[in-house]
Ligand SMILES: [Zn+2]
């Protein structure tokens, strides 16, 4: 950067200088004045370059200090190569202290990265060769740096040994991850995320199909070419799906917000479908729900009633609500994800408003984002920033960096969240989520059957919810691609994750 810029400026200045010299000769000035002028010019040029040099070196120093992680993570950076020769890549641990990724040294002195749980943490922990993903990518800078004391570094150097890299401690729990992975099974593709609504700690993050990161080099070409199943895609944060009826959480919130004093008086008679202009929207499975209020519309997931609500919503306010809930913008997370979208503008058609209200049409959301919204409802309207890494420690146990729970904003009022919780409890009590009823813990949530092929009527099965209903400790969000209805397929899977959480103790 510096060597590129300097010559250019030099040329410019010289041109300017010689023009001044020519002018003074033409005006017939005395020799000594000419000489003084020249000296002054040389001084100016010197000052200019000194100043430029200082500014540039200052800039580079500040940039290097503030962008150190970024610079070292750039694989073209020689410092990264240097760190790799000096240090052994650190270990990634689960919250319960098990190694999820570690460097092992073979007898011949060569080291390799080992993933003791093979496929289980494929997307969450990721891999570190052939590019990087997961925690391996997010925490690369720390894993290749070593913060052991200088005395130990000096000792290692004299012995020709590498320094142990810093270790990363995650919020992931092995047993819950295994329960979630087994619950999702091997037949369907999909995703499960489990997190703490009060802190944002992610306990489990499962995406299927998965792969064995121990084999990443040998399977690389195969997984890259298989575009259809997108094996490397972390469906939890990078998979975008129609939200289906889980989006009724957002629509109900918007309705309550627009009618704070009268939403309880809402009434609609569902005869199975609603027709508006060219558009017809029907209730799932040909259901007819009869006369419903807002709570019952929500619990029974009545499409007809919600499409009716969509027609009456204030587009400007709706757009604001969506913005606040992190639609169409960056999510507050430190790992790879894709943005959700649900665009509502002043000229959005009635047809689109009906589709929006039931989470169909152009609505696209990631399971992680839906879990974040659910967690905000469970946490009195305050959304917590989801996170996977709690701490970085040097090999001798010194804490290098700590990640604490942090708020992503009060995305709805405490009153609004309380109404939504009551509705989500009703889903389990008498609605589409009754398979979660009558267990040792109380659960609440919302199901969804998101159509992705309207011709064949195929849909993804969704569930998003939390437990215990009275004091939420865990949010579970499930999507099973192409399985059918959420109540039939996603709820039983979420139940296994809740069962796993409450049986393994909530330490
Ligand atoms: Zn209905």
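Is it the case, given these coordinates, that residue 260 is away from the ligand (no atom under 16 Å from the Cβ) and in contact with a strand residue (DSSP E or B) (Cβ under 6 Å, 6 or more places away or on another chain)?
Details: away from the ligand (no atom under 16 Å from the Cβ): yes; in contact with a strand residue (DSSP E or B) (Cβ under 6 Å, 6 or more places away or on another chain): no.
When the stated conditions are applied, residue 260 does not pass them.
Just to verify a result, which residue in region 87-114, among those that are closer than 21 Å to residue 163 by Cα and within 24 Å of the chain's Cα centre (by Cα), is surrounded by the fewest Cβ atoms within 10 Å (Cβ to Cβ)?
Pass one, region 87-114, residues closer than 21 Å to residue 163 by Cα: 87-93, 99-114.
Imposing the further condition that a residue be within 24 Å of the chain's Cα centre (by Cα) reduces the set to 90-93, 99-101.
Values: 90: 25, 91: 20, 92: 28, 93: 20, 99: 14, 100: 25, 101: 27.
In this case the residue turns out to be 99.
Determine whether residue 443 is within 30 Å of residue 167 (Cβ to Cβ), at pLDDT 95 or above, over 24 Å from the mean Cα position of the chain (by Cα) and surrounded by 14 or more Cβ atoms within 10 Å (Cβ to Cβ). Reasoning before the result, please.
Working: within 30 Å of residue 167 (Cβ to Cβ): no; at pLDDT 95 or above: yes; over 24 Å from the mean Cα position of the chain (by Cα): yes; surrounded by 14 or more Cβ atoms within 10 Å (Cβ to Cβ): yes.
So residue 443 does not fit the description; no.
To keep it simple, each residue is scored yes or no on (1) surrounded by 15 or more Cβ atoms within 10 Å (Cβ to Cβ); (2) touching a residue at least 24 places away in the same chain (Cβ under 8 Å); (3) under 24 Å from residue 433 (Cα atoms); (4) assigned by TED's automatic domain parsing to the domain that holds residue 499.
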residue	(1), (2), (3), (4)
210	yes, yes, no, yes
221	no, no, no, yes
243	yes, yes, yes, yes
267	no, yes, yes, yes
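So which residues in region 402-420 are assigned to a helix (DSSP H, G or I) and surrounded by 15 or more Cβ atoms within 10 Å (Cβ to Cβ)?
Residues satisfying the conditions are 416, 417, 419, 420.
In contact (Cβ under 8 Å) with a residue 12 or more places away in the chain and more than 13 Å from residue 242 (Cα to Cα): which single residue out of 439, 460 fits that description? Spell out how you get there, then give the answer.
Working: 460 fails: more than 13 Å from residue 242 (Cα to Cα).
Matching residue, one of 439, 460: 439.
Kindly indicate which of 337, 318 is away from the ligand (no atom under 16 Å from the Cβ), buried (at least 22 other Cβ atoms within 10 Å of the Cβ), touching a residue at least 12 places away in the same chain (Cβ under 8 Å) and within 29 Å of residue 238 (Cα to Cα). Don't jump to the end; show me each part of the working.
Numbers: 337 fails: buried (at least 22 other Cβ atoms within 10 Å of the Cβ).
318 is the lone residue from the list that is away from the ligand (no atom under 16 Å from the Cβ), buried (at least 22 other Cβ atoms within 10 Å of the Cβ), touching a residue at least 12 places away in the same chain (Cβ under 8 Å) and within 29 Å of residue 238 (Cα to Cα).
Let's see how each residue does on (1) assigned to a strand (DSSP E or B); (2) surrounded by fewer than 18 Cβ atoms within 10 Å (Cβ to Cβ); (3) assigned by TED's automatic domain parsing to the domain that holds residue 495:
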position	(1), (2), (3)
136	no, no, no
142	no, no, no
148	no, no, no
154	no, yes, no
194	yes, no, yes
203	yes, no, yes
216	no, no, yes
228	no, yes, yes
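Confirm whether residue 357 is over 20 Å from the mean Cα position of the chain (by Cα) and under 23 Å from residue 416 (Cβ atoms).
Yes: the conditions hold for residue 357.
Can you tell me how many residues within region 380-401 are over 21 Å from the mean Cα position of the chain (by Cα), surrounded by 15 or more Cβ atoms within 10 Å (Cβ to Cβ) and in a loop (DSSP other than H, G, I, E, B)?
Counting residues in region 380-401 that are over 21 Å from the mean Cα position of the chain (by Cα), surrounded by 15 or more Cβ atoms within 10 Å (Cβ to Cβ) and in a loop (DSSP other than H, G, I, E, B) gives 3.
Residues 182, 189: which one is touching a helix residue (DSSP H, G or I) at 6+ places or on another chain (Cβ under 8 Å) and over 19 Å from residue 237 (Cα atoms)? Break it down into steps so the answer makes sense when it comes.
Values: 189 fails: over 19 Å from residue 237 (Cα atoms).
Selected residue: 182, the only one of 182, 189 that is touching a helix residue (DSSP H, G or I) at 6+ places or on another chain (Cβ under 8 Å) and over 19 Å from residue 237 (Cα atoms).
Going residue by residue through region 265-288, is there one that turns out to be under 21 Å from residue 374 (Cβ atoms) and more than 9 Å from the ligand (Cβ to nearest atom)?
Start the filter on region 265-288 by keeping residues that are under 21 Å from residue 374 (Cβ atoms), which leaves 284.
If we keep only those that are more than 9 Å from the ligand (Cβ to nearest atom) too, we end up with none.
There is no residue in region 265-288 that is under 21 Å from residue 374 (Cβ atoms) and more than 9 Å from the ligand (Cβ to nearest atom).
Of (1) more than 16 Å from the ligand (Cβ to nearest atom); (2) farther than 30 Å from residue 133 by Cβ; (3) at pLDDT 95 or above, residue 365 satisfies all except one. Which?
The number of the failed condition is (2).
Go through region 302-315 residue by residue and tally those that are crowded, with 16+ Cβ neighbours inside 10 Å and more than 9 Å from the ligand (Cβ to nearest atom). Walk me through it before giving the result.
First, the residues of region 302-315 that are crowded, with 16+ Cβ neighbours inside 10 Å: 302-310, 313.
Applying the additional criterion that residues be more than 9 Å from the ligand (Cβ to nearest atom) yields 307-310, 313.
Residues flagged as crowded, with 16+ Cβ neighbours inside 10 Å and more than 9 Å from the ligand (Cβ to nearest atom) within region 302-315 amount to 5.
Keeping to region 289-301, report how many residues are near the ligand (Cβ under 10 Å from one of its atoms), in contact with a strand residue (DSSP E or B) (Cβ under 8 Å, 6 or more places away or on another chain) and within 12 Å of residue 252 (Cα to Cα). Spell out how you get there, then give the answer.
Narrowing region 289-301 to residues near the ligand (Cβ under 10 Å from one of its atoms): 289-290, 292, 296-297, 300-301.
Those left that are additionally in contact with a strand residue (DSSP E or B) (Cβ under 8 Å, 6 or more places away or on another chain): 289-290, 292, 297, 300-301.
After this cut, where a residue has to be within 12 Å of residue 252 (Cα to Cα) as well, the list is 297, 301.
Final tally of qualifying residues: 2.
Of everything in region 385-404, what is out of contact with any strand residue (DSSP E or B) (no Cβ under 6 Å at 6 or more places or on another chain) and under 19 Å from residue 196 (Cβ atoms)? Give them in sequence order.
387, 404
Which one of 373, 274 is crowded, with 20+ Cβ neighbours inside 10 Å and more than 30 Å from residue 203 (Cβ to Cβ)? Lay out the reasoning, then the answer.
Values: 373 fails: more than 30 Å from residue 203 (Cβ to Cβ).
So the residue among 373, 274 that is crowded, with 20+ Cβ neighbours inside 10 Å and more than 30 Å from residue 203 (Cβ to Cβ) is 274.
The values are calculated or read from the model by the stated rules, or taken from the named source; none is laboratory data. Worth saying up front: this structure is predicted, and the values here are computed from it rather than measured. All Cβ positions, glycine included, derive from the backbone under ideal geometry; neighbour counts span all protein chains shown.
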